[in-house]
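J.: Input: one structure, supplied below.
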Amino acid sequence: MITVEEATIALDRIKDSGSGRSVVELGWLDQVRVDPPKALVRMNLPNFANSQRDRIVQETRQFLKELDGIDEVQIEVGNPPSDGDIGQAGHGQTGSLQPIEGVRQVIAVSSGKGGVGKSTVAVNLACAMAKQGLKVGLLDADIYGPNIPIMLGVADRTPEVIKSDSGQQIIPIEICGVGMVSMGLLIDDHQPVIWRGPMLNGIIRQFLYQAAWGERDVLVVDLPPGTGDAQLSLAQAVPMAGVVIVTTPQIVSLQDARRGLAMFKQMNVPVLGVVENMSAFIPPDQPDRRYALFGSGGGNQLAKENSVPLLAQIPMEMPLQEGCNEGSPIVYKLPDSLSAKAFLSLSKSVLENISKKT
């Protein structure tokens, strides 16, 4: 069955006659829906491209009908959104935010750089919320490096895809009381994802709006490191209760976390607070000892600079790392460990901060 990704790749052949760049690369492609034998495409063409409109429509219909199973193509062409908001000009985004049906709150987990344990925090935060009795969803928006299926022990499972009135829907994998969707469930272990920004935006919007989330109190979104397309796509698509910034005490991590935090402030996304991960190493044979391998005080410094709370300081424990590799989150594997207690405390602090802001 033809997928949206395959249809988007076909449309990547359509070029702007002036720049030679594709309509996908330029962000003119706003939406693609595939429900064989039909396909729906919505584009936003800038004024200067109006002279190419007929050709672009003709090529869109031609290239999609070349795909196996597509006999009918519906094409809508509109005007581009205004360029006043950050990133809108290049990503085909509308200015309005669209809630996810059935999802009450969306919380993002972000970091300025990789390797700080952001996905570990996202997984255990989601599991901790589920242990508190909430209905929780977990969206792995790190499209290029989707690790959450491994951390939850479901990397060998394939999610079910069903047909609905709005097209195809992916059914989240339910594990540890959490419904999870990830690119890692849809590709082979060694298959790279080589996509431009607009295609990344498309799959994130699919995960947001075309997954069968059902009724969820909270959807936790694990973002990739940095301040790129995924962050912009999420912030410009869905209203968020807030974002949790993950850092380690290291100066390098702190510098990048500052940039990430500033980006969300600039986009008017509430910053719920800072999580300092790997705050100290606790030897398994000396549970009363603490070793600050990456320095100390970094998370508190970042929180104070931005007048946000330091939500948690997560220690380094061997079972925490082992649980990630084994697909057994520490919150469930060793609920009485210091790490698990820190994540449960983090969950409560995040929920309290959300209630204060709403």
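J.: For the modelled label position 7 Å from the Cα of Ile187 along Cα-to-Cβ, which residues of region 204-218 have backbone nitrogen atoms closer than 16 Å?
T.: 204-207
J.: If you don't mind, another one. For region 4-80, max minus min Cα coordinate along each principal axis, in Å, sorted largest first?
T.: Ordered largest first, region 4-80 gives principal extents of 33, 20, 18 Å.
J.: Sorted from largest to smallest, which semi-axis lengths in Å does the alpha carbon gyration tensor of region 223-358 give for its equivalent ellipsoid, taking the root of 5 times each eigenvalue?
T.: 27, 17, 14
J.: Return the whole-Å distance between the Cα centroid of region 1-76 and the Cα centroid of region 93-168.
T.: The two parts, judged by their Cα centres, are 29 Å apart.
J.: Rounded to the nearest Å, what's the spacing between the alpha carbon centres of region 185-245 and region 323-354? Just the number, please.
T.: Each part's Cα centre sits 23 Å from the other's.
J.: Please identify the DSSP H helices in the chain that span no less than 24 Å along the helix axis (Cα) and have a mean Kyte-Doolittle hydropathy of -1.0 or more.
T.: Answer set is 338-357.
J.: Rounded to the nearest 500, what is the 222 nm mean residue ellipticity of the chain from helices alone, with -39500 (n - 2.57) per DSSP H run of 4+ residues and division by all residues?
T.: Counting only the DSSP helices, I get -10000 deg cm²/dmol.
J.: Projected area of the chain, taken from the Cα convex hull and averaged over every viewing direction, in nm²?
T.: 18.2
Laboratory data are not the source of any read-out in this text; all were calculated from the coordinates shown. Here the structure is a predicted model, which is why all the values come from computation and not from measurement. Methodologically, a virtual Cβ is constructed for each residue, glycine included, from the backbone with ideal geometry; neighbour enumeration extends over all protein chains shown.
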